[in-house]
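Chemist: Let me give you the structure first, and then I'll get to my questions.
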Amino acid sequence: MRILVVGGAGYVGSTSVEAFVEDGHHVVVYDNLTSGHAAAVVDGAKLVVGDISDGALLDLVLREQRIDAVLHCAARSLVGESMADPGLYYRTNVSGGVALLEAMRSAGTSRLVYSSTAAVYGEPRRVPIAEGDRTEPISPYGATKLAFEGAMRWFAAAHGFRAISLRYFNVAGATERNGEDHRPETHLAPLVLRVAAGEANHVQIFGQDYPTPDGTCIRDFLHVRDLASAHMLALEATDDAEPSLEVYNLGSAAGFSVREVVEAARRVTGRAIPARVVKRRLGDPPVLVASSRRARRELGWQPKHSTLDEMLSDAWNWRASHPGGYRDREAAAIEVDGQAGGEAGGPESSDPGQRPRPSATVVA
Ligand code: UFG
């Protein structure tokens, strides 16, 4: 298959790109490198540096590369940041996403798999959460991801898109080559491992007064390798599908508390990992656990790396082999429109969709 992975230099995208290339697919990564890393893109994939709002460039890449299907993982994804700057989230996650949909329509590509999130549910009324449960996001992040699902649904109805939205719960783990390197880092698992590595004194536990057995929040963790297999199954499923949007939760149906994650990390790393309880973080639901029965039944998805110990140990090994994270090679390797070291506009750049893109844009 010829696959375009938008946001393919990020944590979730790059691990899938790695798996697709290993399986012999033709893979093109499209990323503005705002939070992704050029060094995360495996050698067998092509990298185009571009912004999701740059519809003209996307159109060109889709046509030139004769793309069969798109995996869309590009988004702003920090709940706290979204509360402070909702406009940024609407511009990137909704307007940017619609630019991608329009480019796909113009280029005649109708197969789309989307990285959605548990955040679309807001405060769940019951767990495990099923796809038909109420969606009432409590952050602009969740609201914008849900809004884009709506756009996909209407593009399916009006333009024959065959689309799948995958609502991930908490992703963790690493492959040998690719891992999690967010700057800044806000996620629990990498922060705990950072303490284990001696790069921070202690991990903060955000609240111990939740209505859960040990008082800390419960989350459903999913290995990034299992996410890659779900992405491939979903891409394949769009092949002979009727025009529609199908929605699937992805999780392991097992919840682990924040304290259990810290305990597991102590076990895996053999380090003490001091923890301090601080006040609750705004917007954290007490329990988020997915029912992924639909994905298992209809996509044939079978997660193979569901234990917390495996996820943490893979992430720990990746850290050990990548001290300091990715050593980015952007400056040396990127060439866009013939300009070495050229950088594509970030989400804030002014109206990049209007820029003419006359020639070859693909870099190795
Ligand atoms: N936590 C801590 N200390 C930290 C970091 C996190 O106690 O230093 C806690 C959080 O309060 C939460 C749990 O660990 O209870 C997990 O937090 P993460 O930030 O790792 O992940 P979230 O559950 O907040 O985020 C995930 C996805 C988002 C999605 C969100 C939906 O990463 O994309 O679920 O609520 F939006």
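Chemist: Of the residues A75, A39, A56, which single one is touching an Asp or Glu at 6+ places or on another chain (Cβ under 8 Å) and open to solvent by 10 Å² or more (accessible area, probe 1.4 Å)?
Modeler: A39
Chemist: Also: For the stretch 98-122, which positions are outside any helix (DSSP H, G or I), under 17 Å from the mean Cα position of the chain (by Cα) and of a type outside the set (F, W, Y)?
Modeler: L112, V113, S115, S116, T117
Chemist: Would you be able to say whether some residue in the stretch 276-290 is open to solvent by 50 Å² or more (accessible area, probe 1.4 Å) and small (G, A, S)?
Modeler: Looking for residues that are open to solvent by 50 Å² or more (accessible area, probe 1.4 Å) and small (G, A, S), one finds none in the stretch 276-290, hence no.
Chemist: Restricting attention to the stretch 1-48, which residues are polar (S, T, N, Q) and over 18 Å from D239 (Cβ atoms)?
Modeler: S14, T15, N32, T34, S35
Chemist: Turning to a different aspect of this structure: Could you count how many residues in the stretch 170-191 are more than 8 Å from the ligand (Cβ to nearest atom), in contact (Cβ under 8 Å) with a residue 40 or more places away in the chain and open to solvent by less than 50 Å² (accessible area, probe 1.4 Å)?
Modeler: Final tally of qualifying residues: 9.
Chemist: Failed condition for R167, given (1) more than 23 Å from A253 (Cα to Cα); (2) buried (at least 18 other Cβ atoms within 10 Å of the Cβ); (3) among the basic types (K, R), with all others met?
Modeler: It is condition (1) that R167 fails.
Chemist: Let me ask you something else. Those residues that are farther than 29 Å from M104 by Cα and open to solvent by 10 Å² or more (accessible area, probe 1.4 Å), I need them from the stretch 121-164; list them, please.
Modeler: Of everything in the stretch 121-164, those that are farther than 29 Å from M104 by Cα and open to solvent by 10 Å² or more (accessible area, probe 1.4 Å) turn out to be E123, P124, R125, R126, V127, P128, A130, D133, R134, I138.
Chemist: Based on this model, can you work out whether R194 counts as basic (K, R) and assigned to a helix (DSSP H, G or I)?
Modeler: So R194 passes the test.
Every residue, every condition in (1) modelled with pLDDT under 95; (2) open to solvent by 50 Å² or more (accessible area, probe 1.4 Å), yes or no:
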site	(1), (2)
R267	no, yes
D309	no, yes
W318	no, no
G325	yes, no
D328	yes, yes
A333	yes, no
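Chemist: D240: among the acidic types (D, E), in contact with a helix residue (DSSP H, G or I) (Cβ under 9 Å, 6 or more places away or on another chain), free of Cβ contacts under 8 Å to residues at least 60 places away in the same chain and open to solvent by 10 Å² or more (accessible area, probe 1.4 Å), yes or no?
Modeler: No: the conditions fail for D240.
Yes or no, residue by residue, for (1) touching a residue at least 12 places away in the same chain (Cβ under 8 Å); (2) within 16 Å of the ligand (Cβ to nearest atom); (3) among the β-branched types (V, I, T):
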| position | (1), (2), (3) |
| --- | --- |
| L100 | yes, no, no |
| R125 | no, yes, no |
| I138 | yes, yes, yes |
| F148 | yes, yes, no |
| R153 | yes, no, no |
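Chemist: Name the residues in the stretch 159-205 that are farther than 27 Å from R293 by Cβ and in contact with a Pro (Cβ under 9 Å, 6 or more places away or on another chain), would you?
Modeler: Listed by number, the residues that qualify are H159, G160, G179, E180, D181, H182, V195, A197, N201, H202, V203.
Chemist: Criterion first (more than 16 Å from the ligand (Cβ to nearest atom) and not basic (K, R)) does A107 satisfy it?
Modeler: yes
Chemist: Restricting the stretch 196-223 to residues that are more than 7 Å from the ligand (Cβ to nearest atom) and under 24 Å from the mean Cα position of the chain (by Cα), which is most open to solvent (accessible area, probe 1.4 Å)?
Modeler: I218
Chemist: Got at least one residue in the stretch 59-69 being within 30 Å of R183 (Cβ to Cβ), in contact (Cβ under 8 Å) with a residue 24 or more places away in the chain and polar (S, T, N, Q)?
Modeler: Checking the stretch 59-69: at least one residue is within 30 Å of R183 (Cβ to Cβ), in contact (Cβ under 8 Å) with a residue 24 or more places away in the chain and polar (S, T, N, Q).
Chemist: Can you tell me which residues in the stretch 136-178 are of a type in the set (A, V, I, L, M, F, W, C) and assigned to a loop (DSSP other than H, G, I, E, B)?
Modeler: If the condition is that a residue be of a type in the set (A, V, I, L, M, F, W, C) and assigned to a loop (DSSP other than H, G, I, E, B), then I138, F161, F169, A174 are the ones that fit.
The values are calculated or read from the model by the stated rules, or taken from the named source; none is laboratory data. Remember, predicted model here, so these are calculated numbers, not experimental data. Cβ atoms come from the backbone with ideal geometry, glycine included; neighbour counts cover every protein chain shown. To get the accessible areas, we keep the full protein, side chains included, count just its heavy atoms, and leave off ligands, DNA and RNA. Shrake-Rupley method; radii C 1.70, N 1.55, O 1.52, S 1.80 Å.
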